[in-house]
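These notes concern the structure reproduced below.
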Amino acid sequence: MLDRDIVAEYKLDHDFLSEIYALPGGREIKKCIQCGTCSSSCPLSYVMDHGPRKMFSLIRAGFREEVLSSNTIWFCSSCYTCAVRCPKDIKITDVMYALKRLAVKEGKTKGKKAVVLSRNFARMVNTYGRNHETELMARYILEADLLHALKFVPQGWKLLVNRRLPLFPHRMKNMDQLKKILRKVDELGEI
Amino acid sequence: MKYTYYPGCSVNATANIYRDSIAAIAPALGLELEELEDWNCCGATAYMSVKELMSFAISARNLAIAEKHNRDVVTPCSACYTVLNKTNHYFADYPELRRKIGQALEAGGLSYSGNIRVRHLLDVICNDIGYDKIASLAKKKLAGLKVAPYYGCQIVRPDSGFDDPDEPTTMNRLIEALGAECVDYRMKTACCGASLMGTQEELAMRLCKNLLLDAQQNGAHCIVTICPLCQMNLDVYQGKINARYKTKFDIPVLYFTQLIGVTLGLPLRDLGLGRLAVKLTKPMKRIFEGANNG
Ligand code: SF4
Ligand code: SF4
């Protein structure tokens, strides 16, 4: 929860804004006029700790902790409604992605199931070159949602009886090439 | 017309009925789809959430291979469409990123100059082949069938370029060309929750419930989709939504290619229509099977 009292200047993180500026498209948030079009268009703002408009205001003021640990970034479904409506053409969805990555990097992801899903997805791709949906679901349930594993059964069953749940992965052939590309990215460092 | 075809991972798995229906209708439409050799996953929204450069680099590998053929790339998946397109846009707009992607590709013996156009299958079928041709090929008419087009998010946003982000009409016109009645409803571009169905089921189910309700209240017999994830959420989860919200939805959720296939007179089985989670209703079956003489 946001501290409603006046937050002392020294508590704010003034480097946060420059970090966001350094991301591709990040500098754009300077142009935000706080009109609220994004938050009012967002199908999920009603459950977010802070809607996208408020997120930008928090970023600019240096509320690092509030931003990176908010549920907002993980509830964003990447529907791009806000982005196409923003009068200032800010790539809001892409800023949300950037915040996801920053939160992952800083380990602010406790209890965030979307992170488990994303991490396992990346693992599928790094192993097979393609996503193996069945294995991804299984790994995700084991790691993030074992307690509720049963709730996935009826849907999995429907896919299975309709022959829509392949048991074996499709692999690409030239994994060697893909690995070389991935290794090079590691060397170059993320952006 | 010949295109480089990028199916994407879902189309080969949980959306295999989409794959089958595409394979069934392509020859009849004169659509030559040559699968991109040894393609890899586009990265989807999930990869982008953990690694940005990696996500762009693997996505660009596909484009680099496609460039050898110098044809438009066409994909039936809205998420692949958005990701591959976004890679192109960022590649053009951010020199620093372009340099790094270039270096990464080079390590794999590839290069990309940024000249491949990525298109969604809906765009290609409706705008290259055209409504008139599709209508003229129809052996069956779907008279009496009320169809709600569901566009979802990622085909019209962020920068589709072939239709309006809020009021798209491409699929509306297709439905009419097929002789069915197009149901207009507000939520046609609303979000289905996408992968939140895995991570925040309650939220995604509520989005889908509202969507189904809107289509139902406007009299839709079925919904037609263009994206594997939308289809899965609305079709496979419909039973669970009914149980959760005490609703009685019985709305089959088809791929647009399946509907085209029906009018082309192809056997329903070849179109994967027997493998929907929400089965075709009796009146729909009657229209699909009986309209042969139309
Ligand atoms: S719509 Fe754009 S300008 Fe308006 S508050 Fe949101 S980000 Fe800022
Ligand atoms: S992209 Fe994210 S923040 Fe923007 S409207 Fe969609 S869910 Fe909301």
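The values are calculated or read from the model by the stated rules, or taken from the named source; none is laboratory data. Given the structure is predicted, the values throughout are model-derived calculations rather than measurements. Here the Cβ positions follow ideal geometry from the backbone for every residue, glycine too, while neighbour counts run over all protein chains shown. Ligands, DNA and RNA are stripped out before the accessible areas are found, and what is left, the full protein with its side chains, is counted by its heavy atoms. Shrake-Rupley method; radii C 1.70, N 1.55, O 1.52, S 1.80 Å.
Here's how it looks for B:Tyr255: its modeled amide H is under 5 Å from those of B:Thr225, which are all 5 or more places away or on a different chain.
In this structure region A:4-105 gives 44 Å² per residue of accessible area when probed at 1.4 Å with all protein chains present. What figure, in Å² to the nearest 10, do you get for the accessible area of B:Asp128 with a 1.4 Å probe and non-protein molecules left out? Rounded to the nearest 10, the figure is 50 Å².
In this model, which of A:Lys151/B:Lys209; A:Lys184/B:Lys51; B:Lys139/B:Lys285; B:Lys146/B:Lys282; A:Lys110/A:Lys180 are farther than 22 Å apart at the alpha-carbon? Pairs exceeding 22 Å: A:Lys110/A:Lys180. The length gained by stretching the chain between B:Ser111 and B:Glu37 to full extension, at 0.36 nm per residue less their Cα-Cα distance, is 25.1 nm.
What is the sum of charges around B:Val73, taking Lys and Arg as +1, Asp and Glu as -1, for the other residues whose C-beta is under 13 Å from the C-beta of B:Val73? My count for the surroundings of B:Val73 gives 0.
Residues of region A:93-137 that lose at least 50 Å² of accessible area (1.4 Å probe, protein heavy atoms only) when the other protein chains are present, relative to their chain alone, are A:Tyr97, A:Arg101, A:Ser118, A:Phe121, A:Arg130, A:Glu133. Every helix of 4 or more DSSP H residues in the protein assembly as shown counts as -39500 (n - 2.57), and over all residues that averages to -14500 deg cm²/dmol at 222 nm. With the simple spin-label model, which puts each label point 7 Å out from Cα in the Cβ direction, the B:Phe162 to B:Lys248 separation comes to 4.0 nm.
Surface exposure of region A:113-188, expressed per residue as accessible area with a 1.4 Å probe, stands at 56 Å². Rounded to the nearest 10 degrees, the angle from helix A:175-188 to the longest Cα principal axis of chain A is 20 degrees. May I ask you to give the percent of accessible area on the protein assembly as shown that is carbon plus sulfur, with a probe radius of 1.4 Å? Percent of accessible area from carbon and sulfur atoms in the protein assembly as shown: 52. Per residue, region B:131-291 exposes 36 Å² of accessible surface when a 1.4 Å probe is rolled over the protein heavy atoms with every protein chain present. A cut-off of 5 Å between modelled amide H atoms, ignoring neighbours fewer than 5 places along the same chain, links B:Arg119 with B:Val73, B:Val74, B:Thr75.
Note on surface exposure: A:Lys110, A:Lys30, B:Lys100 rank A:Lys110, A:Lys30, B:Lys100 by accessible area, highest first, 1.4 Å probe.
Count Lys and Arg as plus one, Asp and Glu as minus one, and take only other residues whose Cβ is under 10 Å from that of A:Ile33; the net charge is then +3. In order along region A:115-123, the Karplus-derived 3J(HN,Hα) couplings, from 6.51 cos²θ - 1.76 cosθ + 1.60 at θ = phi - 60°, round to 5, 4, 5, 4, 5, 5, 4, 4, 5 Hz, and Gly and Pro are given as x. Distance between the 7 Å Cα→Cβ label points at A:Lys30 and A:Phe168: 5.6 nm. With each label modelled as a point 7 angstrom along the Cα→C-beta vector, the B:Lys282-A:Ser69 pair spans 5.9 nm. Restricting region A:89-191 to GluC sites (Glu not before Pro) that sit in a DSSP loop and have at most 16 other Cβ atoms within 10 Å of their own Cβ leaves A:Glu106, A:Glu190.
Chain B contacts chain A over a buried accessible area of about 6100 Å², both sides summed; the probe is 1.4 Å and only protein chains count.
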